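Heads up, the thing below is written out as structure tokens.
The values are calculated or read from the model by the stated rules, or taken from the named source; none is laboratory data. Note that the coordinates shown come from a computational prediction; the quantities given were computed from them, not determined experimentally. Note that each Cβ is placed from the backbone with ideal geometry, even for glycine, and that neighbours are counted across all protein chains shown.
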Amino acid sequence: MNTANQNVVNQAPLLSPKAPAGEEQRVNAILEMAEQHMGFIPDGLRLYSLSPALLETFFTNIGYFQGGTNLSPILTTMIRYLVSSKSECNFCIDLNEGFLSQLDVDLDTARASRNDQSLAPIEANEHILLDIALRTINDPDSVTQADIEKAHAQGWTDHDIFDASAQATNNRAFNYLLKTFNIEEQGVFA
């Protein structure tokens, strides 16, 4: 980790996740659902308490990618993990390593894929979606019709391709919010 990142990790959060007056019950209900679903409340999710409508939307989005998409849980987690790695968002790297571990993914293999995405521990036909998703955030102009056709040839629909890219872009935005407000590790709001 470079010195600039280390300084951010050691800084206090810039915002305090307090629900707006009159919205406390709404926020608490969503956070309780998150805790029931995940076993804890990630501080990154807690940050969204500042905007109850965005908290609802974000939590709904999480739910969709955990059961409403055709993409496997390992693929969606690997997309988030590799996007977080490129964004250097320590909070999300650690969080997604935890999720990968729960999915029985070898963390050494997952970590190796941070330097070589072809090593990602996903199904062979998922590599094209991972590639498109990562290029969506790193070099969107490089995604071509030929890439879409390759994904179709692997059995993926336009919906699946869009979902993979949306997972990447949503995660990139989340990474940048956390980095902006110094939410770099779980427990910063303790």
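All conditions in (1) in contact (Cβ under 8 Å) with a residue 60 or more places away in the chain; (2) farther than 22 Å from Y48 by Cβ; (3) small (G, A, S) hold for A168, with the sole exception of (2).
Condition check for T136 on (1) among the β-branched types (V, I, T); (2) crowded, with 21+ Cβ neighbours inside 10 Å; (3) within 22 Å of S16 (Cα to Cα): one failure, at (3). Residues of the range 146-165 include none that is part of a loop (DSSP other than H, G, I, E, B), surrounded by 15 or more Cβ atoms within 10 Å (Cβ to Cβ), of a type in the set (V, I, T) and free of Cβ contacts under 8 Å to residues at least 24 places away in the same chain. In a residue-by-residue description of the range 84-100, the property of being more than 15 Å from the chain's Cα centre (by Cα) and either surrounded by 15 or more Cβ atoms within 10 Å (Cβ to Cβ) or assigned to a helix (DSSP H, G or I) (or both) applies to no position. Assess whether F58 counts as being part of a helix (DSSP H, G or I) and in the same structural domain as F174 (by TED's automatic domain parsing). Criteria not met by F58.
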